[in-house]
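The values are calculated or read from the model by the stated rules, or taken from the named source; none is laboratory data. All values reported here derive from a predicted model rather than from experimental measurement. Positions of Cβ are backbone-derived with ideal geometry, glycine not excepted, and every protein chain shown enters the neighbour counts. Areas reflect the complete protein model, heavy atoms only, side chains present, ligands, DNA and RNA absent. Shrake-Rupley method; radii C 1.70, N 1.55, O 1.52, S 1.80 Å.
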Amino acid sequence: MFKAFIEPFRQPPPPIDPETLRSGGGRKPKARAKNWSGTLGRIWTYLARRKVKLSMVLLMVFASSALALLGPYMVGVAVDDFIAGEAGSSWTRFLIALTAVYVLFSLTSWLQNIWMIEIAQETVYRMRYDLFSHLHKLPIPFFGKRQQGEIMSRVTNDIENVSGTLNSSAIQIFSSVLTLLGTFGVMLWLSPLLTLLTFIVVPLMAIGMRWITRRTGPLFKERQRNLGELNGYIEETLSGQRIIKAFSQEERVIRGFEERNTRIRISGFWAQTISGFIPKLMNGLNNLSFAIVAGIGGILAIQGSVTVGVIIIFVEYARQFTRPLNDLANQWNTLLSAIAGAERVFEVLDEDEEAKDEGAAVSLDKVEGSVRFDKVSFGYDEGRNILHEISFEAKPGEMIALVGPTGAGKTTLIQLLSRFYDPTGGTLTVDGRDMTTIRRENLRSHMAFVLQDSFLFQGTIRENIRFGRLDATDEEVEAASRLANAHSFIVRMKDGYDKVLQADGSGISQGQKQLLAIARAILADPSILVLDEATSSIDTVTEIKIQEGLQRLMQGRTSFVIAHRLNTIRQADRILVLKDGHLLEQGSHDALLEQGGFYSELYYSQLRKKAQ
């Protein structure tokens, strides 16, 4: 574990290739998440859950688009009437009607924005909830292969990109499409020739947009991936500050950050730069369209083919036709970023959940604690076993100690017992029942863990202890603390049981954290207990308190103890000696010493080191 943590500091990140970024290259996303239409379709499934509100928004979009088209048309008609001398007393009514049109346009625009913001927030709330819930259904190997910060980036940054797009861009897209269709229809009705002239620039727009989007799409995906990697690196280095400072690796860590930060800067630069050509292209083509319509329309007006009012309508509609395209272009960066973020979210949602319990799996009301390994084998990778045909039996109430060198398979054996993994060979039973026929959640409810590095959540001491059994009363929490020898130090602290601990229990000693973990396990009242060197790196006085608490905790329970200091497990009912995934020896402390085998070598070598 230590080597895995230090390795990133020894090896600098791979060199960055700006040319690859410019061409839209980089790591390709998973096949099932790279389909834009599929991603947009999945986002729509979330939006479709709010059909009533969405229908009201669409109604307001229709209304505002129609009113936006009506205003310029009324102005053109009024100009023709004025030139023809037919305006007369209707001029006042025209101003009132035009004012009413733009007031209604503002009102419908405001309503659609307010309602869409509500829909967007509800949508991303559900997406964030689904993602977080799904994370807790994924198997342990998923988390072992990814950085925590990279996963956090998907829950926060990527979903926030989706939120920003739904808030600002969704309405704009709907409105722009309707405005384009409505404008085209009215223009075609007024003058097919001027409509054709207006649309001369459309193929140029399509070619330009296609050229740009083919390059910016991969770049935005690359930026999101780089951002996730940077978040993972930051989370890792902040968690490992003590090790970084202890080995004086600050400069190397900063260089690593600089490399990753540079990747984001380069991919972000090219993504924003290339996509920034879109509004420039649109504005240039928009001005070209305006010049064409105004010039040729003026000639047609002189010839009497069209009226001045129609020219005014066309000039305004030409701008109104290209304005939605400009709006879409301006929103394109946000849209690309949101799609890239949504793809990363759906990649996690597409990950296979932890294997379901068998249909015939049962829940046990009570577990006696009998555990049997019958020729159990296991490998994290197919064809490469870590454990090889392990066989032993633990009777109810027995203390089983697991010893052996690093990499012997002690932790792997415990993970099989916890059903974080299932054996690839052999059978593992609890109370005579194959473990695969017991529901995981039910099985784990009969187990408790006290690990070498006990984890505490942000919250009060009382809440952390009650995590072992949420329905426990305050009296039961305090009783468990007394049995764990934790009550005395808790009551001496300011606020006592209501003292708020920060993340991972910072502010209290390692020994105090262990005592709280023991109290939590006592409160859970498990039938099977797992201890992973719970007294490691603890001072002598605190170790005595912890050992007393552990003795009370293990009474009447089947206990599995991973031990590195062999003098702490002399009272174990049975000691299992593992090496390279094989069970070499098993028996009591005295019996194993008499055999003079591998355990005897380990034990006496520790005594010699202690005596030196």
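What to note about this one:
- Top-ranked residue of segment 500-514 - restricted to ones that are open to solvent by 10 Å² or more (accessible area, probe 1.4 Å) and in contact with a Lys or Arg (Cβ under 9 Å, 6 or more places away or on another chain), ranked as modelled with the highest pLDDT: Ile508
- Boolean, Gln606 is open to solvent by 50 Å² or more (accessible area, probe 1.4 Å) and assigned to a strand (DSSP E or B): no
- In summary, Asn333 fulfils each of the numbered conditions (1) within 30 Å of Ser133 (Cα to Cα); (2) at pLDDT 70 or above with the single exception of condition (2).
- Checked against the criterion of being assigned to a loop (DSSP other than H, G, I, E, B) and free of Cβ contacts under 8 Å to residues at least 12 places away in the same chain, segment 497-504 has no qualifying residue.
- Failed condition for Ile278, given (1) open to solvent by less than 20 Å² (accessible area, probe 1.4 Å); (2) under 27 Å from Pro203 (Cα atoms); (3) at pLDDT 70 or above; (4) not hydroxyl-bearing (Ser, Thr, Tyr): (3)
- Scanning segment 400-437 for residues that are among the polar types (S, T, N, Q), open to solvent by less than 50 Å² (accessible area, probe 1.4 Å) and assigned to a helix (DSSP H, G or I) yields Thr412, Gln415, Thr436, Thr437.
- Looking only at segment 234-266, residues that are modelled with pLDDT of 80 or more and open to solvent by less than 50 Å² (accessible area, probe 1.4 Å) come to 7 in all.
Yes/no matrix, rows are residues, columns are (1) at pLDDT below 80; (2) under 30 Å from Leu523 (Cα atoms); (3) in contact with a Ser or Thr (Cβ under 7 Å, 6 or more places away or on another chain):
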residue: Glu543; (1), (2), (3): yes, yes, yes
residue: Gly556; (1), (2), (3): no, yes, no
residue: Phe560; (1), (2), (3): no, yes, no
residue: Thr568; (1), (2), (3): yes, yes, yes
residue: Leu578; (1), (2), (3): no, no, no
residue: His582; (1), (2), (3): no, no, no
residue: Gly587; (1), (2), (3): no, no, no
residue: Ala591; (1), (2), (3): no, no, no
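- Matching residues in segment 384-402 - criterion: being farther than 13 Å from Val530 by Cα and either of a type in the set (Lys, Arg) or under 37 Å from the mean Cα position of the chain (by Cα) (or both): Arg384, Asn385, Ile386, Leu387, His388, Lys395
- Boolean, Phe346 is of a type in the set (Phe, Trp, Tyr), at pLDDT below 70 and either crowded, with 19+ Cβ neighbours inside 10 Å or not in a helix (DSSP H, G or I) (or both): no
- The single condition among (1) open to solvent by 50 Å² or more (accessible area, probe 1.4 Å); (2) among the hydrophobic types (A, V, I, L, M, F, W, C); (3) more than 21 Å from Ile159 (Cβ to Cβ); (4) at pLDDT below 85 that Met56 does not satisfy is (4).
- Helices (runs of 4 or more DSSP H) wholly inside segment 133-175 that include at least 2 residues being farther than 30 Å from Trp110 by Cα: 140-144, 148-153
- Pair list, Cβ under 8 Å, 6 or more apart: segment 555-569 residue farther than 21 Å from Ser605 by Cα, other residue surrounded by 12 or more Cβ atoms within 10 Å (Cβ to Cβ) and of a type in the set (Lys, Arg): Thr558/Lys395
- Of all residues in segment 174-220, those satisfying the criterion of being open to solvent by 50 Å² or more (accessible area, probe 1.4 Å) and touching a residue at least 60 places away in the same chain (Cβ under 8 Å) are Phe174, Val177, Phe184, Leu193, Ile200, Leu204, Arg214, Arg215.
- Selected residue (only one of Gly468, Gly459 is small (Gly, Ala, Ser), within 30 Å of the chain's Cα centre (by Cα), open to solvent by less than 70 Å² (accessible area, probe 1.4 Å) and under 21 Å from Leu531 (Cα atoms)): Gly468
- Only listed residue being part of a helix (DSSP H, G or I), modelled with pLDDT under 80 and open to solvent by 40 Å² or more (accessible area, probe 1.4 Å), chosen from Phe62, Phe82, Phe94: Phe82
- Total residues in segment 135-165 satisfying the condition of being buried (at least 18 other Cβ atoms within 10 Å of the Cβ), modelled with pLDDT of 80 or more and more than 15 Å from Glu343 (Cα to Cα): the figure is 0.
- Residue list for segment 575-596, filter: open to solvent by less than 10 Å² (accessible area, probe 1.4 Å) and either touching a residue at least 40 places away in the same chain (Cβ under 8 Å) or part of a strand (DSSP E or B) (or both): Ile575, Leu576, Val577, Leu578, Gly581
- Test result for Leu193, in a helix (DSSP H, G or I) and either in contact with a helix residue (DSSP H, G or I) (Cβ under 6 Å, 6 or more places away or on another chain) or aliphatic (A, V, I, L, M) (or both): yes
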